[in-house]
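Chemist: Pasting in a structure now, in structure tokens, and then I'll have a few things to ask.
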Amino acid sequence: MADYTVSKSGPGAAYPDNSVQATWQRLEPVVTPEQVRNRHLFGIPLISGIKDPISGRAQVYTDSLMLDTIDRSLAQVESETDLVIFPIRVQETQPFDRAEYQAFGYFRLQQRPASAVHRLSIVPPDGQYLYDVPMNWVSTGFLPSGQINLVPIGNAIAYGAPAEVGLFLNVFGQQPWTPAFWLIEYTAGFPDGMLPKSVNELLGVVAAMEVLSSLAATYAKSTGHSLGIDGLSQSVSTPGPQLYTTRLTDLAAKRKVLTKKLKAEYGQTLFSGNL
């Protein structure tokens with residue numbers, strides 16, 4: 001079995017990429033309900049326009065509802081940015097590409113940001129590990145953006161007889177492209193649940209938009225009302241479901257900018273390949 005004690009991370013922190021020292025804290029725990037209200041919903045009472053039909057009281061957007069919204073917003077942020085927020089362990093197969101192999105074994109991991117590589121192996125279709133690449137061959141200088149390379153120094157660990165491994169590499173190494181040749185096991189996501197403030201900002205923006213959208217629907221039943229007493233009348237107009245349009249527009253613009261910047265930072269904007 002592979003020795004997971006030799007897992008290899010990047011030369012520095014996952015954010016900012018490969019940083020080793022900082023005088024200002026750029027990471028923080030996932031945004032809380034209170035922070036969403038203070039940062040993105042300041043001055044907006046989170047009260048439904050429709051009273052509870054049983055109790056007759058106004059319905060309030062509570063912390064438990066906000067926590068659920070943040071959780072769902074996290075999934076939306078991952079989907080929109082193609083990033084992994086909280087750490088996951090990934091087993092990913094990649095093809096043998098002679099052009100990339102000759103470029104110091106260039107690999108581009110699918111899940112980003114990557115924070116550690118645990119295993120890089122050659123695995124034939126029967127699922128048996130044939131060859132483990134030693135971690136001192138794996139260059140992780142660009143790991144957060146999903147890039148690793150092979151710089152062959154030292155010895156490798158082979159599964160099976162050396163002759164079998166040599167034959168396998170000789171036969172398949174002559175092919176320009178072979179599918180599902182490599183198996184890479186690595187960890188993706190921001191370590192220890194500490195998120196860059198830009199990611200937390202986007203998460204808070206998405207959560208705030210979900211909250212305001214839900215509340216706006218409760219004001220859709222009326223945009224105005226009239227009151228008449230003893231020949232006197234008063235008419236009042238309200239924005240109805242457009243109550244939060246200004247704030248939603250601002251948040252949508254910020255969401256677009258943050259999403260675009262995060263995708264560009266981790267190379268998830270464009271896709272390219274050799275085929």
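Chemist: Scan (1) touching a residue at least 60 places away in the same chain (Cβ under 8 Å); (2) surrounded by 14 or more Cβ atoms within 10 Å (Cβ to Cβ); (3) not assigned by TED's automatic domain parsing to the domain that holds ILE148 for the single condition ARG72 breaks and write down its number.
Modeler: (2)
Chemist: Look through segment 42-69, keep the residues that are of a type in the set (A, V, I, L, M) and more than 30 Å from ARG112 (Cα to Cα), and return whichever of them is surrounded by the most Cβ atoms within 10 Å (Cβ to Cβ). So that I can check it myself, show each step before the final result.
Modeler: Step one: filter segment 42-69 for residues of a type in the set (A, V, I, L, M), giving 44, 46-47, 50, 54, 58, 60, 65-67.
Next, only the ones that are more than 30 Å from ARG112 (Cα to Cα) stay: 44, 46-47, 50, 54, 58, 60.
Details: ILE44: 16, LEU46: 18, ILE47: 12, ILE50: 12, ILE54: 6, ALA58: 12, VAL60: 12.
That would be LEU46.
Chemist: Here are some conditions: (1) at pLDDT below 95; (2) farther than 30 Å from THR246 by Cα. GLU92 meets all but one. Which one does it not meet?
Modeler: Among (1) at pLDDT below 95; (2) farther than 30 Å from THR246 by Cα, the lone unmet condition for GLU92 is (1).
Chemist: So, one more: In segment 38-120, which strands (runs of 3 or more DSSP E) lie fully inside it and hold 1 or more residues that are among the acidic types (Asp, Glu) and within 30 Å of THR187 (Cβ to Cβ)?
Modeler: On the way: elements: 47-51, 58-60, 88-97.
Output list reads 88-97.
Chemist: Inspect all residues belonging to segment 251-270 and state whether any of them is out of contact with any Pro (no Cβ under 6 Å at 6 or more places or on another chain) and modelled with pLDDT under 85.
Modeler: yes
Chemist: If PRO152 satisfies every condition in (1) touching a helix residue (DSSP H, G or I) at 6+ places or on another chain (Cβ under 8 Å); (2) crowded, with 17+ Cβ neighbours inside 10 Å; (3) farther than 30 Å from GLN35 by Cα but one, which is the exception?
Modeler: It is condition (2) that PRO152 fails.
Chemist: Please work out which residue is nearest to SER145 (Cα to Cα), limiting yourself to segment 94-116 and to residues that are among the aliphatic types (A, V, I, L, M) and either surrounded by fewer than 19 Cβ atoms within 10 Å (Cβ to Cβ) or out of contact with any helix residue (DSSP H, G or I) (no Cβ under 7 Å at 6 or more places or on another chain) (or both). Can you show your working first?
Modeler: Of the residues in segment 94-116, the ones among the aliphatic types (A, V, I, L, M) are 99, 103, 109, 114, 116.
Within this subset, residues satisfying the condition of being either surrounded by fewer than 19 Cβ atoms within 10 Å (Cβ to Cβ) or out of contact with any helix residue (DSSP H, G or I) (no Cβ under 7 Å at 6 or more places or on another chain) (or both) are 99, 103, 109, 116.
Numbers: ALA99: 20, ALA103: 18, LEU109: 8, ALA116: 12 Å.
The qualifying residue nearest to SER145 (Cα to Cα) is LEU109.
The values are calculated or read from the model by the stated rules, or taken from the named source; none is laboratory data. In this text the structure is predicted, and so the values were computed from the model without any measurement. In this analysis, Cβ positions are derived from the backbone assuming ideal geometry, glycine residues included, and neighbour counts consider all displayed protein chains.
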